[in-house]
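Q: Structure in structure tokens, see below.
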């Protein structure tokens, strides 16, 4: 089942055509979500989008928004998702730069 910047392999979600997600579409925290370097442009675009979502409310604290435990939860969640996407981007970039099994065998 395609998800943003990857694929979902959770059987109930696949059977429900993407409408049976047990973690409410928090794909990057889910062990059933996979991605690879093919999705790198989409991952980078998603990371930029998360950064924008994070920046808007962050600027409003102290002027429009009042800090409270619930208001702090969403920025923290966005911060964690951004870190997870950064890790995935780093792994994908490493995969692109890593020689394939055939290239290593030919060189060695």
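The values are calculated or read from the model by the stated rules, or taken from the named source; none is laboratory data. Values in this document were obtained by computation on a predicted structure and should not be read as measured data. Using ideal geometry, Cβ is built from the backbone for each residue, glycine included, and neighbour counts are taken over all protein chains shown.
Q: I need the full set of residues from region 63-73 which are in contact with a helix residue (DSSP H, G or I) (Cβ under 7 Å, 6 or more places away or on another chain) and modelled with pLDDT of 70 or more, in order please.
A: Hits for region 63-73: nothing passes.
Q: Quick one: which of 28, 54 is modelled with pLDDT under 80, outside the structural domain of residue 93 (by TED's automatic domain parsing), surrounded by 13 or more Cβ atoms within 10 Å (Cβ to Cβ) and within 18 Å of the chain's Cα centre (by Cα)?
A: Among 28, 54, only 28 is modelled with pLDDT under 80, outside the structural domain of residue 93 (by TED's automatic domain parsing), surrounded by 13 or more Cβ atoms within 10 Å (Cβ to Cβ) and within 18 Å of the chain's Cα centre (by Cα).
Q: Could you list, in sequence order, all residues of region 1-25 that are touching a helix residue (DSSP H, G or I) at 6+ places or on another chain (Cβ under 8 Å), over 17 Å from residue 84 (Cβ atoms) and surrounded by 15 or more Cβ atoms within 10 Å (Cβ to Cβ)?
A: Matches in region 1-25: 1 only.
Q: Return a yes/no flag: does region 96-104 have any residue that is within 22 Å of residue 9 (Cα to Cα), at pLDDT 80 or above, in a helix (DSSP H, G or I) and not assigned by TED's automatic domain parsing to the domain that holds residue 1.
A: No: zero hits.
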